[in-house]
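Following: one structure in structure tokens, then a few remarks.
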Amino acid sequence: MTNNGYKVVNIGIKQPITEIIKAAREHKADAVGMSGLLVKSTVIMKDNLEEMRAQGLDVPVLLGGAALTRKFVEEDCLAAYGGSGVAYARDAFDGLDLMAKVAEGSFDTFVQARAKAPKSGNSKRIGQPTADVSSTLRPVDWDEVNLRRAELHRDVPPPVPPFWGAKVIENVPLQNLAGFLNETMLYQFHWGYRKQGKSIDEFKAWASKELKPIALDMLKRCAKENILQAQGVYGYWKAASDGDAVVVFDQDGTTELTRFAFPRQARDGGLCIADFFRPVSDPQRDVIALQVVTMGQQASDVARQWFEANKYQDYLYLHGLSVEMAEAMAEYVHKRIRAELGFAAGDAADMDKLLKQNYQGSRYSFGYPACPNVEDQKQLLSLLGADRVGITLSDEFQLEPEQSTSAIVCLHPQAKYFTV
């Protein structure tokens, strides 16, 4: 935008909404832009828009980033903000088009017209299957839920973990993670390359020739200069369901350590993560696995240095790669969990299929629809002792360093992704 004549005030990442509002007023901003890289950040983005509205800030808002979709922006975000409107920018060129509309005074008219247009395309992150649910709240039929839970756990014995509590994984070689890299997410969502009329197979063939060498070179540089430092903590605890909550116990199976509350789909037979655990009344305890991984603070520091040095292309490549390598590390640790529990043999041999959850169990990250409470990362990190690998939480309950991801792991064979 600077190259096209706009004055841009960049106040940096992870800014609280008070600072965004303060800067917008101080600089008399004609528009505000926010980017959501991680799915968890979309939760905060909606809260930000509601607070902007409450504080009377009424300027056009441009939203973008890999975690966002046009549908989310033009429905959820527009409803949260109102005012001069919110628009979705898929990339920088969309952003330029939208700023031109701000400058000519047609932004609001454009937003209203686009909001009424039919939505098309996939509105979810690749690899995140969804189930259609009603948005209408209704009472839970606990007799039906308890009967279904009994059926779910009939003849499904809890796995036997190799240890209880948490274990640290340090200095995982990057070449061990490269095979888990989601290249589609990296090339299209983070690096911004489009198919441009190519079929999926044609794009994959082109990307393998043109983009994969860039990724491999960047990985070699990251290994040589120690930019990406793959670490994590994972472990096993006894667990049980109590209503729509999952209770985590000490090794004795009776001392409660913490509990996680989850929402339930508002429809007949609606799912909740707690359904995949035996009820607390069952004398036999289930097992829950917890994990958190990071690429380390150095990844964020170097990316910031490259950005400040105007090395924008290197910054783009490193930033996208570091985020997807954190996801690759999460897949690596999850596969280790399945191997230790004895059911990794059922994993899909094809990596594309594996990344689409073709394995037993499911990994749920906080901030996703079925597991929305990002605040619950606090007790997860505490149980894991995540500070041992330098992972902490911001005031907004976001993981720091930025290139980190946490999850609870359900081990039941029928545990899959779903939306609420």
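The values are calculated or read from the model by the stated rules, or taken from the named source; none is laboratory data. Nothing here was measured: the structure is a model prediction, and the numbers come from that model. Here the Cβ is made from the backbone with ideal geometry for all residues, glycine too, and neighbour counts use every protein chain on show.
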Quiz item: Can you tell me how many residues in the range 395-420 are out of contact with any strand residue (DSSP E or B) (no Cβ under 7 Å at 6 or more places or on another chain), closer than 15 Å to F277 by Cβ and buried (at least 20 other Cβ atoms within 10 Å of the Cβ)?
Solution: 1
Quiz item: Within the range 153-160, can one find any residue that is part of a helix (DSSP H, G or I) and either modelled with pLDDT under 95 or out of contact with any helix residue (DSSP H, G or I) (no Cβ under 9 Å at 6 or more places or on another chain) (or both)?
Solution: yes
Practice problem: Test each condition in (1) under 26 Å from L316 (Cβ atoms); (2) under 22 Å from the mean Cα position of the chain (by Cα); (3) among the hydrophobic types (A, V, I, L, M, F, W, C) for A223 and report the one that comes out false. | Solution: (2)
Practice problem: Please work out which residue is nearest to I391 (Cα to Cα), limiting yourself to the range 192-231 and to residues that are surrounded by 11 or more Cβ atoms within 10 Å (Cβ to Cβ) and of a type in the set (G, A, S). | Solution: A230
Quiz item: Cβ-Cβ below 6 Å, separation at least six or inter-chain, first residue in the range 11-28 and surrounded by 14 or more Cβ atoms within 10 Å (Cβ to Cβ), second assigned to a helix (DSSP H, G or I) and polar (S, T, N, Q): which pairs?
Solution: I17/N48
Exercise. Restrict the check to the range 359-379 and report whether at least one residue is in the same structural domain as A289 (by TED's automatic domain parsing) and over 20 Å from the mean Cα position of the chain (by Cα).
Key: yes
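Residue by residue, here is whether (1) over 14 Å from V145 (Cβ atoms); (2) in contact with a helix residue (DSSP H, G or I) (Cβ under 9 Å, 6 or more places away or on another chain); (3) assigned by TED's automatic domain parsing to the domain that holds L211 holds:
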| position | (1), (2), (3) |
| --- | --- |
| C272 | no, yes, yes |
| L290 | yes, yes, yes |
| T294 | yes, yes, yes |
| A299 | yes, yes, yes |
| F307 | yes, yes, yes |
| A330 | yes, no, yes |
| H334 | yes, no, yes |
Quiz item: Is the range 237-249 home to any residue that is assigned by TED's automatic domain parsing to the domain that holds R304, assigned to a helix (DSSP H, G or I) and surrounded by 12 or more Cβ atoms within 10 Å (Cβ to Cβ)?
Solution: no
Quiz item: Hey, Y364 hits all of (1) closer than 26 Å to F72 by Cα; (2) in contact with a Gly (Cβ under 7 Å, 6 or more places away or on another chain) but one; which does it fall short on?
Solution: (2)
Quiz item: Does A415 satisfy the condition of being at pLDDT below 90 and in a loop (DSSP other than H, G, I, E, B)?
Solution: no
Exercise. Output the helices (runs of 4 or more DSSP H) that fall wholly within the range 276-379 and possess 3 or more residues being modelled with pLDDT of 90 or more and buried (at least 20 other Cβ atoms within 10 Å of the Cβ), or say none.
Key: 297-308, 312-341
Quiz item: Of everything in the range 97-123 that's at pLDDT below 80 and not polar (S, T, N, Q), which residue is surrounded by the fewest Cβ atoms within 10 Å (Cβ to Cβ)?
Solution: P118
Exercise. Would you mind finding the one in V233, V172 that is within 24 Å of K353 (Cα to Cα) and not in a helix (DSSP H, G or I)?
Key: V172
Quiz item: When both residues are 6+ apart or on different chains and their Cβ atoms are under 8 Å apart, which pairs have a first residue that lies in the range 173-198 and is assigned by TED's automatic domain parsing to the domain that holds Q357, and a second that is modelled with pLDDT under 95 and among the acidic types (D, E)?
Solution: G192/D91; K195/E202
